[in-house]
Amino acid sequence: MAQQPLSSAQQPTDIYGGDEVSALVLDPGYCHTRAGYAGEEMPKQVIPSFYGHTADGRDIFGDEVIIPRASFEVRNYMNRDSVVEDWDVATKIWEHLLVKRLQPERPTPASKNGLNNVNDNDGDVAMEDVLKDENGGIDASLLEKPLAESPLLMTEAPWNTAKAREKAIEISMENWGCPAFWLSRTPVLAAFAAGKATALVVDIGGANASVTAIHDGMVLKRSIQRSPIAGLWLSNQIRAMWETCEPKVEIVPTFMVENKKPVEAGAPADVRLRNFGFPIADSFRAFEEERLLTEFKESVVEVWRGPGRYQGPNEDFARSQPGRVFEMPDGSNQMWREQRYKVAEGMWDETAAYPITGGGDEGRVSKGQTIPALIKASLEGVDVDLRPNLLSNIVVTGSTSLLNGFNDRLNMELTAMYPGLKIKIHAAGLTSERRFGSWIGGSILASLGTFHQMWISKKEYDENGPGIVEKRCK
């Protein structure tokens, strides 16, 4: 008799989870933390990695809670290298995203809620009494772990430390009770999102720019190159430009403006500012100023496409190009012509960067930190035979790569550096795909049927401890 096919209700027993896996994907970064369900096109929740710390010592999360308050600080749980610094807050913010925001609250199962107990005299039951063991303490086994039904795929920077990796699996398994876990590096996932297993991933994010060679889904460790020339560095370049231009541009964030009147281009602002009655913390003001600088980057800043570098004869040509008008929150506005090219030129040519006042060596750009130099150093760290294949599979990702003209300039620089080789740049056209490249790669990976046997299961974790993540997630 022919074997009957398994019904879809029965899951195969040899691998974790079968096909119906409601896996979660968490992608933490310095500027934003993204979370959502595997198999979906976009993360369901994106919140700033910056969080509010109130006067009474509470930590609050999400864009909507970062508003002017007395004794209110804005902090970040990561350092500029995109490595977690404050694990207590990291656990809280991730739990806020994965549990509160992604999963609606479920009722306590009837067997555990105490409402069906026969010897109950009055109807009301204190939840604490139900959860007590025979010694009177809370029985941890009766408390439902928040992610007991959801495997979790998490992303990490390629330079993440072994200690941080172990801490991540420990939180997932011990605190949240995840049935399975996987940790993957962001460049690998960005390459998967572009449909490539071998690629040179150029990731220009908020706090870091990195170039990493991926071969058959593995990071080539010697190829990892990074530099701080990314979104926040560009913000500092804009600040330096505003300070040196005539007339000097004052940064007034939107939250400070009560009302404003329209004025002519270049004229001083006619604005009434809000009076809050309490001092605004520097960290809050810096966070709000960054919003304004981001808007300026998105609408005005442009990369000089070539031919040739921006400095020199091209500078005069840029002056004749049509400019862009930008209105500040306080109503003052002006036309930006050649300055909007100059501000991003330091990414490619270290001599063109604005000197950042008070930044010391931090503000100065060295030749090795520019994007062409990162790519050159990354390729020099891999086998000569792999280089042509990597150059014909360049994946561009990260929000700062969305600057106008970025890909054209990258193509021009690489063609000049490697004249005999074929160069092909793959950059997603949708802005959201470039912003969430590694999350999308994680979503694709965690939803693949063939990936199910890869998960680190709870049983495996219990047998081997947190060290298993170093052995398995290469």
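List the residue pairs whose Cβ atoms are under 8 Å apart, where the first residue sits in segment 184-211 and is under 23 Å from Asp383 (Cβ atoms) and of a type in the set (Ser, Thr, Tyr), the second is part of a loop (DSSP other than H, G, I, E, B) and open to solvent by 20 Å² or more (accessible area, probe 1.4 Å), and the two are 6 or more positions apart or on different chains. Every condition considered, the pairs that remain are Thr198/Asp216; Thr198/Asn393; Ser210/Ile224. Within segment 294-313, the presence of at least one residue that is more than 16 Å from Asp408 (Cα to Cα), surrounded by 19 or more Cβ atoms within 10 Å (Cβ to Cβ), of a type in the set (Phe, Trp, Tyr) and at pLDDT 95 or above is confirmed. If you filter segment 315-351 down to residues that are modelled with pLDDT of 90 or more, over 22 Å from Glu295 (Cβ atoms) and in a helix (DSSP H, G or I), you find that the one that is nearest to the chain's Cα centre (by Cα) is Glu350. Residue-level check: of (1) surrounded by 18 or more Cβ atoms within 10 Å (Cβ to Cβ); (2) closer than 19 Å to Asn236 by Cβ; (3) out of contact with any helix residue (DSSP H, G or I) (no Cβ under 7 Å at 6 or more places or on another chain), Ala353 misses just (3).
Of the residues that make up segment 231-247, is at least one closer than 28 Å to Ala55 by Cβ and in contact with a helix residue (DSSP H, G or I) (Cβ under 6 Å, 6 or more places away or on another chain)? No, segment 231-247 contains no residue that is closer than 28 Å to Ala55 by Cβ and in contact with a helix residue (DSSP H, G or I) (Cβ under 6 Å, 6 or more places away or on another chain). The condition of being open to solvent by less than 20 Å² (accessible area, probe 1.4 Å) and farther than 23 Å from Asn411 by Cβ holds for only one of Asp316, Asp330, that being Asp330. Examine segment 68-91 for a residue that is acidic (Asp, Glu), within 30 Å of Ala446 (Cβ to Cβ) and in a strand (DSSP E or B), and state whether such a residue exists. No.
Scanning segment 82-98 for residues that are in contact (Cβ under 8 Å) with a residue 40 or more places away in the chain and either farther than 19 Å from Glu64 by Cα or surrounded by fewer than 16 Cβ atoms within 10 Å (Cβ to Cβ) (or both) returns Ser82, Val83, Val84, Trp87, Thr91. Evaluate segment 159-174: report whether one residue or more is in contact with a helix residue (DSSP H, G or I) (Cβ under 8 Å, 6 or more places away or on another chain) and in a loop (DSSP other than H, G, I, E, B). No, the conditions are met nowhere in segment 159-174.
Restricting attention to segment 1-54 and to residues that are of a type in the set (A, V, I, L, M) and exposed (fewer than 15 other Cβ atoms within 10 Å of the Cβ), the residue that is modelled with the lowest pLDDT turns out to be Leu6. If the condition is being more than 25 Å from the chain's Cα centre (by Cα), surrounded by 12 or more Cβ atoms within 10 Å (Cβ to Cβ) and over 24 Å from Ala230 (Cα atoms), then segment 419-448 contributes only Leu421. Summed over segment 186-238, the residues that are within 27 Å of Phe451 (Cα to Cα) and in a loop (DSSP other than H, G, I, E, B) give a count of 9. Considering Leu386, Leu403, Leu374, the condition of being more than 15 Å from Ile204 (Cα to Cα) and either in contact (Cβ under 8 Å) with a residue 60 or more places away in the chain or out of contact with any Phe, Trp or Tyr (no Cβ under 9 Å at 6 or more places or on another chain) (or both) is satisfied by Leu386 alone.
In summary, Thr400 fulfils each of the numbered conditions (1) of a type in the set (Val, Ile, Thr); (2) at pLDDT below 95; (3) part of a helix (DSSP H, G or I); (4) within 24 Å of the chain's Cα centre (by Cα) with the single exception of condition (2).
Scanning segment 265-287 turns up one or more residues that are surrounded by 13 or more Cβ atoms within 10 Å (Cβ to Cβ), under 24 Å from Ile356 (Cα atoms) and more than 22 Å from the chain's Cα centre (by Cα). Restricting Ser210, Ser223, Ser299, Ser235 to residues that are under 29 Å from Pro355 (Cβ atoms) and either in contact with a strand residue (DSSP E or B) (Cβ under 6 Å, 6 or more places away or on another chain) or among the acidic types (Asp, Glu) (or both) narrows the list to Ser210. For Met241, which of the numbered conditions (1) open to solvent by less than 10 Å² (accessible area, probe 1.4 Å); (2) in a strand (DSSP E or B) fails to hold? Of the numbered conditions (1) open to solvent by less than 10 Å² (accessible area, probe 1.4 Å); (2) in a strand (DSSP E or B), the odd one out for Met241 is (2).
Residue-level check: of (1) surrounded by fewer than 19 Cβ atoms within 10 Å (Cβ to Cβ); (2) small (Gly, Ala, Ser); (3) out of contact with any Leu (no Cβ under 9 Å at 6 or more places or on another chain), Gly398 misses just (1). Across segment 244-257, the number of residues qualifying as open to solvent by 90 Å² or more (accessible area, probe 1.4 Å) and over 29 Å from Gly206 (Cβ atoms) comes to 1. Of the residues making up segment 30-48, those that are out of contact with any Asp or Glu (no Cβ under 7 Å at 6 or more places or on another chain) and either farther than 20 Å from Leu147 by Cβ or among the charged types (D, E, K, R) (or both) are Tyr30, Cys31, His32, Glu40, Glu41, Met42, Lys44.
The values are calculated or read from the model by the stated rules, or taken from the named source; none is laboratory data. In this text the structure is predicted, and so the values were computed from the model without any measurement. Virtual Cβ from ideal backbone geometry, glycine too; neighbours counted across all protein chains shown. Keep in mind that these areas ignore ligands, DNA and RNA; they rest on the heavy atoms of the full protein, side chains included. Shrake-Rupley method; radii C 1.70, N 1.55, O 1.52, S 1.80 Å.
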